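Shown next, in structure tokens, is the structure this report addresses.
The values are calculated or read from the model by the stated rules, or taken from the named source; none is laboratory data. Everything numeric in this text was worked out from a predicted model, so none of it was measured. Here the Cβ is made from the backbone with ideal geometry for all residues, glycine too, and neighbour counts use every protein chain on show. The protein model used for the area step is the full one, side chains on, heavy atoms only, and it has no ligands, DNA or RNA in it. Shrake-Rupley method; radii C 1.70, N 1.55, O 1.52, S 1.80 Å.
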Amino acid sequence: MYGAYPDLDDHVLIVSRDNPRLGFTAFIAIHNEARGPAMGGCRIVPYATVAEAVTDVLRLSKGMSYKNAIANIPYGGGKAVIIADPGRADKKAVLHEMGDFVRSLEGRYITSFDSGTTLDDVKTIGERTTFTAGTLAEAGNASQTTARGVYHCMRTAAELRFGAVGLSGLRVAIQGVGNVGGRLAHLLAADGADLIVADTDRRIADQLAEDLGATVGSVDDILASDVDIIAPCALGAILNNNSIPNIRAKAVVGGANNQLAHPEDDLRLKERGILYCPDYVANGGGIIDLHYQRSGWSPEAVEQHILTLADTFREVAARAREQDRGTGAVADDIALERLSPAS
Ligand code: NAD
């Protein structure tokens, strides 16, 4: 039944749940469980069609297999989507139904927040199942650990591309200074980087300019800024055949998911001599945090593990140089190696 979907890969389980009385339709997809139970967030999106929801859950669960493997955490890849308006009045009932759905898989899938769901929503799901992650009070907001992973990868990019130790004096442009980008800006400023920031919400950008002495750039051409490094922290598919020819930076390291519009954009970046840190290497800090929240969380343990993302990026960059390939393709190779049961 799912065979007609181009995004069907080696998924091991796709299940749906309908509760017509509640007007509830949801899907959970498990892409790979060789490393352990599948972990990935739950989206609530008013998909126009069931096909859109299935496509999303297939694509996202595969992405989580790669992200969890690259992050070297003992989880496979999974994702859940609920077809609904995230603002609906009976959201609590919807979340409880989701909790029952997750519980029915007996631990094969562990859920968390994503588009359309908040930390409080995960707590509500958690009233029905223990198979949730991300709500440990002392851990705070996982965006901070995501930003720290991006920061460490950026320091590695600075070393590889400019021979720099740290970011002092380097110019960095950040696209989107919300949860991840805003926290990243603070880390970069503390390390001595000169910042240009742009956000469609001008007030957040202005505030950062005031707090950190950053320059506010234009939303339309922030990725073409005359800087050393760009950090996409807002949207996906922003590295494409329109944007790449105009990039003046020598490295791209950001928190946004799915930055490459197409696989061939990986090569476009390489051909222009731009060192690209694959997005799911750079932004793996949040999922590492969720792992520790389920098994012995401490800031030190999380930070130690996050530093390994930078080591992985170093390995990716070295192999890409040796093999004359794009870093995105090489990261996929490493993720696949780590997905094999023998690894
Ligand atoms: P967010 O909504 O808090 O921040 C995104 C910011 O980008 C917002 O301030 C928004 O106004 C701005 N923005 C939107 N369109 C823009 C544009 N065209 N130009 C400039 N700014 C624009 O989201 P977030 O949690 O910071 O996540 C950012 C990205 O990182 C997303 O792709 C997300 O999937 C990814 N990510 C986030 C986490 C996390 O821990 N939050 C983890 C992994 C990946």
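Of note:
- Gap separating the Cα centres of region 1-74 and region 235-294, nearest whole Å: 22 Å
- A full extension of the chain between residue 262 and residue 136 corresponds to an added length of 41.7 nm, given 0.36 nm per residue minus the alpha carbon distance.
- In nm, spacing of pseudo-spin labels at residue 304 and residue 49 (7 Å Cα→C-beta vector): 5.0 nm
- Straight-distance candidates among the lysines for linking to residue 67, with alpha-carbon spacing under 23 Å and chain neighbours fewer than 8 residues away dropped: 79, 270.
- Residue-by-residue Karplus 3J(HN,Hα) for region 76-85, coefficients 6.51, -1.76, 1.60, Hz, glycine and proline x: x, x, x, 7, 10, 10, 10, 8, 6, 7
- About its Cα centre, region 142-338 has a charge dipole of approximately 160 debye under the convention of +1 per Lys or Arg Cβ and -1 per Asp or Glu Cβ, with nothing else charged.
- The slack between residue 15 and residue 88, meaning 0.36 nm per residue of separation minus the straight C-alpha distance, is 23.9 nm.
- Check: the chain dipole with +1 on Lys, Arg Cβ and -1 on Asp, Glu Cβ, in debye: 360 debye
- What region 149-194 shows is 35 Å² of accessible area per residue, with the surface traced by a 1.4 Å probe over protein heavy atoms.
- When each of the peptides 127-133, 215-221, 62-68 is scored by the mean number of other C-beta atoms lying within 10 Å of its residues, the order from highest to lowest reads 62-68, 127-133, 215-221.
- Three semi-axes of the equivalent ellipsoid, region 160-252, Cα gyration tensor, whole Å, largest first: 18, 18, 10
- Relative packing of 150-161, 290-301, which averages over residues the other C-beta atoms within 10 Å, highest first: 150-161, 290-301
- Ligands, DNA and RNA left out, the 1.4 Å accessible surface of region 142-338 is 46% carbon and sulfur atoms.
- Dimensions in Å of region 1-159 - Rg and Dmax from alpha carbons: 15.9, 58
- Relative to the current alpha-carbon distance between residue 314 and residue 211, full extension at 0.36 nm per residue lengthens the span by 33.9 nm.
- Sorting the segments 44-53, 187-196 by their residues' average number of neighbouring beta-carbon atoms within 10 angstrom, most packed first, yields 187-196, 44-53.
- Among beta bridges that DSSP assigns inside the chain, antiparallel share in %, nearest 5: 30 percent
- Between 41, 254, 163, the GNM of the chain built on Cα springs shorter than 10 angstrom shows 163 fluctuating the most.
- Kirkwood hydrodynamic radius over Cα pairs of the chain, then Stokes diffusion coefficient at 10 °C and 1.306 mPa s, in µm²/s: 78 µm²/s
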